Amino acid sequence: MYRQDEPSTFAAGRRVFSMVPAFTLLFTLLFALPLPANEAGDGPPEWAVPRAGSPPPHPTDPAKTFTVPGSDLALTQEQIDNPFNAPDWFPDEHAPMPDIVKHGREPGVFACAMCHLASGAGHPQSARLAGQSADYLMRQLQAFGNGDRNSYLGDFIDNLHTLESDQDAREAAQWFAALTPQRHQQVIETDTVPMTTFYGNTFMRVVDEEAAGSEPLDGRIIEVPEDYRAVENRSPRGHFLTYVPPGSLERGRQIAEGGSGLAPCASCHGADLRGTALGPSLAGSFPTYLIRQLYDFRSGKRRGIADQTGYMGTSSKMLSEQDIVDVAAYLGSLEP
Ligand code: HEC
Ligand code: HEC
């Protein structure tokens, strides 16, 4: 695997550029810009924000096909990465996809399933949608559109979520809401983690096979795919290993139950934290995603309905950096 500090990545980048589809290029260009959240100093810790790494060594033969474990399909890299025809490795496992989910709307709106997957599982760098209510999902699309919610990836992602057609928004929200959420990560308390790096323009943190070795976790949360190739191929059954600090699960449980003086999260997010009409499901979401959201509420990058109650904005300011890590670790460990 290429590492960011390797001079050879430039050559590899040129070789790869002719083959990667436009959207990955967009991602790369976007990330040449500084991240507004980090600039402001009140954004999430740097380790919780995915970024582009070195271009991965994609195969040079465009006719070569790939599959993911359990699927009978074989697709080329170009088909897998087509932003207007998301791969559907297990078409029997869900209701037919609405056109917006499968194909998006050219030229600016990519297929939702390309990033959020045909299972609604998403990735640590995006968001899990399965298990959320259609109302909540609709509200978020509106919030991206009217500026109440600003993604860590900036306008590129906010615009992708700004749908011109209400019918598209409703169909996508209803389709994702109907999916049964699955467990996609194993949360592990540990002192040390494998060395990791960001993999090409996938924005995915992966084990750095070249650096082979480990380092102290040092209060962070590190999420890596178990089989990065399956995840890169947009397998909807991807599985992640989420490394969290020792003791964080118990400390996080206490915070969630109101031990730190805040209202119990369950009072708005539901008894099992799987969501209510007001608060979204938090159980089993990717912890680094949850961390970014808590910082976004804190900095005002994310407002919306939470601002009407004022609650997530104020309460997120009362949590320390460690509290946020602990509660996110705990929430990620729950059955979705
Ligand atoms: C290029 C990748 C990409 C595509 C395509 C994409 N999304 Fe997203 N989506 C993201 C990312 C990244 C986030 C997290 C944004 C943030 O940090 O706030 C997100 C967040 C969301 C959220 C908020 C989830 C939550 O729990 O609050 C919703 C809803 C959503 N997307 C729906 C959609 C729909 C519907 C489509 C298709 C029209 C779509 N997305 C297409 C990357 C994508
Ligand atoms: C008074 C009600 C209330 C309480 C109590 C509450 N929340 Fe929330 N929370 C909300 C609402 C409402 C939203 C959705 C805001 C929106 O629509 O943008 C939300 C959203 C969130 C999100 C974003 C989820 C996503 O998928 O993007 C996180 C993370 C979160 N809350 C964490 C917590 C934690 C942790 C606690 C307990 C320490 C907590 N909340 C307690 C009302 C509450």
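The values are calculated or read from the model by the stated rules, or taken from the named source; none is laboratory data. Worth saying up front: this structure is predicted, and the values here are computed from it rather than measured. Cβ: placed from backbone, ideal geometry, glycine included. Neighbour counts: every protein chain shown. Side chains are part of the model used for accessible areas, which takes the heavy atoms of the whole protein and leaves out ligands, DNA and RNA. Shrake-Rupley method; radii C 1.70, N 1.55, O 1.52, S 1.80 Å.
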Item to check | Pairs where the first residue, in the stretch 143-166, is farther than 17 Å from Gln125 by Cβ and the second is open to solvent by 50 Å² or more (accessible area, probe 1.4 Å), C-beta under 7 Å, 6+ apart | outcome: Gly145/Thr162; Asp148/Arg303
Item to check | Among residues of the stretch 115-136, those that are open to solvent by 20 Å² or more (accessible area, probe 1.4 Å), hydrophobic (A, V, I, L, M, F, W, C) and more than 10 Å from ligand 2 (Cβ to nearest atom), counted | outcome: 2
Item to check | Selection count, the stretch 198-224, where residues are over 16 Å from Ser333 (Cα atoms) and free of Cβ contacts under 8 Å to residues at least 60 places away in the same chain | outcome: 8
Checklist entry - Do we find a residue being part of a helix (DSSP H, G or I) and modelled with pLDDT of 95 or more anywhere in the stretch 280-287? => result yes
Next on the checklist: of a type in the set (A, V, I, L, M, F, W, C), under 21 Å from Arg149 (Cα atoms) and surrounded by 19 or more Cβ atoms within 10 Å (Cβ to Cβ): which single residue out of Ala277, Ala328 fits that description?
Outcome noted: Ala328
Checklist entry - at pLDDT 95 or above and near ligand 1 (Cβ under 7 Å from one of its atoms), is that true of Leu137? => result yes
Item to check | Selected residue (only one of Leu241, Leu249, Leu262 is touching a residue at least 12 places away in the same chain (Cβ under 8 Å), within 10 Å of ligand 2 (Cβ to nearest atom) and open to solvent by less than 80 Å² (accessible area, probe 1.4 Å)) | outcome: Leu262
